[in-house]
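Peer 1: Questions regarding the structure given below will be posed in turn.
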Amino acid sequence: MKSKPEEKNKGATNHPTQHHWHEMNRKERRETMRKMQSEDLSLEVIHPDAAGIDIGNESHYAAVPPSRDSQSVREFGCTTAELKAMAAWLKQCRIRTVAMQSTGVYWVAVYDILEQAGLEVYLVNARDTKNLPGRKSDVQESQWLMKLHTYGLLRNSFRPSQEIRVMRTYWRQRNDLVQSAGRHILRMQKALTQMKCAVVTNVELPRQSPANTIFLILNFTFFAAPERLPRPVGFRL
C-alpha cells in the first residue's frame, strides 16, 4: 500500500521539467542544461513560439529560434521606434510569447509595447534565471531566456491590467502630493516658530486644503501677537 506514493515521488524527481528553474538544485540544472543543448526528446516543449529578450540600459537583445530567421539574435535600441520595430520583427518571426528579466525600470517600456502588439510577455526575476557559472554575454543571455521559456521553466510575475496600472499611477501621484504638502506645512510652521510668532496650536481648525490651513495659521498668528510682526512705516493696527 505504501509503495504507490513512493513510486509517484520517484517519477516526480525523475522529471525536473515539472519544476521551475529556480526550484532545481545544481545537479538537476546541469542535467536539464545538458538535455537542452542536446535537444533531448524527453524534455517537453511548452512554448514552441517563444523568444527571449535581454534588457539593457542602452540596447536590448532579442533571440528567436534559429529556424524562424537567418539572424536569430538582433540588437534594438531603447527608443519607441526601435521597440516597435522589435515587436514587428517578433511577430514576423511568428512569436507568440516573450520572456524578459525585470531589470531596473528599463523593462517597463518594452513590456507595454510588446503587450500592445498582442504578445504574451513573461516578466521573470533575474534570480530565477541564474545560469550555471561561466562567462556570459548579452547574446547568450537572450538565448538562454528563450530556451528556458521554450521548455516552460520560467515563472511569470504578476502585473495588473492596463486600467489598474493607470489608476495606481494616479493614486501614487496623489499620495506623493499629499505627503509633500504636509511636509511643506510643517516647514512653514517651523519657520513661523523660528520667527518667534505665536502660532496657535490648541485651536481646532476646520478640515480644509493645506493652503487654507496655513492661511488660517497666519491669521491666528497675526491676531495673537501682532506686535511681533514686522510693520511698514505708517502702519497702524
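Values in this text are rule-based calculations from the coordinates and carry no lab data. Computed from a predicted structure; not experimentally measured. In this analysis, Cβ positions are derived from the backbone assuming ideal geometry, glycine residues included, and neighbour counts consider all displayed protein chains.
Peer 1: Quote the relative contact order of the stretch 84-155 in percent (integer), defining contacts as alpha-carbon pairs under 8 Å separated by 6+ residues.
Peer 2: Relative CO of the stretch 84-155 lands at 34 percent.
Peer 1: Using a simple charge model, +1 on the beta-carbon of Lys and Arg, -1 on the beta-carbon of Asp and Glu, nothing else, what dipole does the stretch 17-150 show about its Cα centre, in debye to the nearest 20?
Peer 2: 400
Peer 1: Going highest first, how would you order 46-54, 96-104, 152-160 by mean Cβ packing within 10 Å?
Peer 2: Packing order, densest peptide first, comes out as 46-54, 96-104, 152-160.
Peer 1: If you don't mind, there's one more thing I want to ask. How would you rank 164-177, 75-88, highest first, on the average number of other Cβ atoms within 10 Å across their residues?
Peer 2: Ranked by mean Cβ neighbours within 10 Å, highest first: 75-88, 164-177.
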